[in-house]
Amino acid sequence: MFHRIRRRAKGSSETERQVAEWHARMQNQVPQGFGEPTAEPGQPETAGVVDDFLPPELRVPSHDQLDGRMMPWKQPLVLDGEMVACTECGDYRDWLILSTRDEIWLRCRAGHQQQETRLDTAWYNRHAGPADATHATFEDCLRHLGH
């Protein structure tokens, strides 16, 4: 067995010979257009207008087409080492977090709302998952989220 390994290692294989021949042939070849001056910039070609690939009923509205977004937040919300509680009823969990017009609002289960200035839209975007539905009214969204 060992003499076969030594024998194979001594001579070059057919593949090595073919690679060496290919390398020698390619040595002095230059790709087409390489080193030639580029064409003067003229009128840019306009791409043809193509209809979106999704039908309208499957398109998701962009953030600028929505009045706001909201997500449930079941656990207590801790900001700057302090647990956030509702200013009216004292609830501290089961929030709805609303993001609208670059402001963040908290809504407790009892329906009290308070603005939270320690949170921003970037925080909301990091913690919110993908939207599972869009709603025409605020009340429809509250019903969808169980509030």
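FYI, it's all coordinate maths here, none of it is from the lab. The structure presented is a predicted model; accordingly, all values stated were derived computationally and were not measured. Here the Cβ is made from the backbone with ideal geometry for all residues, glycine too, and neighbour counts use every protein chain on show.
Before moving on, here are some points about what is shown:
- Percent RCO, i.e. relative contact order, over the range 66-144, from Cα pairs under 8 Å lying at least 6 residues apart: 22
- Subtracting the Cα-Cα distance of THR137 and GLU36 from their residue separation scaled by 0.36 nm leaves 30.2 nm.
- Label-point separation, GLN29 to GLN75 (7 Å along Cα→Cβ), nm: 6.0
- Zone of LEU66's modelled label, taken as backbone nitrogen in the range 84-117 under 19 Å from a point 7 Å along Cα→Cβ: 95-108, 116
- Per-residue HN-Hα couplings for the range 92-104 [Karplus 6.51, -1.76, 1.60; θ = phi - 60°; Hz; x = Gly/Pro]: 10, 9, 6, 8, 10, 9, 10, 10, 8, 6, 6, 10, 10
- Neighbours of HIS135, meaning other residues whose beta-carbon lies under 13 angstrom from its beta-carbon, give a summed charge of -2 when Lys and Arg score +1 and Asp and Glu score -1.
- Ratio Rg/Rh, restricted to the range 66-144 and using Cα atoms, in which Rh is the Kirkwood radius: 0.93
- Cβ-placed point charges (K, R +1; D, E -1), dipole of the range 43-147 about Cα centre in debye, nearest 20: 420
- Net charge contributed by nearby residues that have their C-beta within less than 11 Å of GLY68 (K/R +1, D/E -1): -1
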